[in-house]
Amino acid sequence: MSLLVIGSVAFDAIDTPFGSTGKIVGGAASYISLATTLLHENVGLVAVVGEDFDFDFVDDLKRRGVDTEGLQVKAGEKSFFWHGKYHMDMNSRDTLVTELNVLGDFDPIIPQTWQQPDYVMLGNLSPQVQMTTLERLTQKPKLVVLDTMNFWMDIALDDLKAVLKKVDVLTINDEEARQLSGEYSLVKAARVIRAMGPNTLIIKKGEHGALLFGGNDEIFFCPALPLEDVFDPTGAGDTFAGGFVGYLASVGRTDFEAMKMAIVYGSAMASFCVEQFGTTKLASITREELNGRLAQFKALMSV
């Protein structure tokens, strides 16, 4: 099964109560791609960077099996850059700097070999770019997963609602679910959002786990693993999405039972991500370590 990832490959600078990073590799597609490669081998990437990017990271992706033919490099331009500062609770943050740079006019060019993917993960980008990506596919994928955020709900709600009609799974956090639906109850919010197009909704609740809403009003809850050290939550949601879709692509299934297990895999992957700054921990974990963490989740959820 082929899995196509579309999103940002970028630079971040992160300040938390536990330290600061300076400029490091970030971006939704960076985290998603790293998460998927531990679970699935046939992964393609569509993104854009400037000539200032860290191409050692691109080489690392290639070594992990990611096809980077769809990664555009804009000569003479700079990569997207975001600088954020987290508060002590690590759930709230302030954006200090946002520089769109090459992402400001990103035109997703999909290589011919990736125009008929089985699975598609649309990382957090403008709804217009997400829609353009879907329109350029020459065959309907088996599953399309979309991630978005409140920023696009604020400035491009109509475009977002249009692309929601084209996707199978939407992943957002609880605050975004309430904003998009106009409902405080997450059960009611899920019903409203699923009526917009996606048959399946994932609501991420950070350290309080994730909810999965499917057809026939099915609901599944996966807790988050209690951790001793949380240094940086940046990219945790993207890592979660990568683990989720990577697992589904690896088993070739999209039924609700498979998605329940995919939520657990996504949560396990995200639990690694937050333990170090940026993509550092995610890039170094082994399948054996992942299996160990999955066993911890199994014990946590046993009754």
Within the P(r) computed for the chain, what percentage of the Cα pairs occupies the region above 31 Å?
22
Please report how far the C-alpha centroid of the range 64-103 lies from that of the range 238-271, rounded to the nearest whole angstrom.
24
About its Cα centre, the range 175-227 carries a charge dipole, from +1 on Lys and Arg Cβ atoms and -1 on Asp and Glu Cβ atoms, whose size in debye to the nearest 20 is 60
Which whole-number percent gives the relative contact order of the chain, counting Cα pairs below 8 Å spaced six or more residues apart?
18
Name the residue, out of GLY243, GLY197, GLY104, whose mean-square fluctuation peaks in a Gaussian network model built on the chain with Cα pairs under 10 Å.
GLY104
Rounded to the nearest 20 debye, dipole of the chain from Cβ charges on Lys, Arg, Asp, Glu:
840
Taking neighbour Cβ counts within 10 Å as the exposure measure, how do LYS62, LYS142 sort from fewest upward?
LYS62, LYS142
Compare the Cα positions of LEU134, PRO198, ALA13 along the charge dipole of the range 3-301 (+1 at Cβ of Lys, Arg; -1 at Cβ of Asp, Glu; about the Cα centre) and return the one farthest towards the positive end.
PRO198
For the chain, what is the percent of antiparallel DSSP beta bridges, rounded to the nearest 5?
40
So which residue, out of LEU211, LEU100, LEU39, gets the largest mean-square fluctuation from a GNM of the chain using Cα contacts under 10 Å as springs?
LEU100
Cα-based radius of gyration of the range 48-185 once divided by 2.2 N^0.38 Å, which approximates compact folds:
1.17
If you build a Gaussian network model of the chain, linking Cα atoms that sit under 10 Å apart, which residue out of ARG287, ARG194, ARG253 swings the most?
ARG287
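Only the coordinates and a few stated rules stand behind these numbers; no lab work does. Quick caveat: nothing in here was measured; it's all calculated off a predicted structure. Virtual Cβ from ideal backbone geometry, glycine too; neighbours counted across all protein chains shown.
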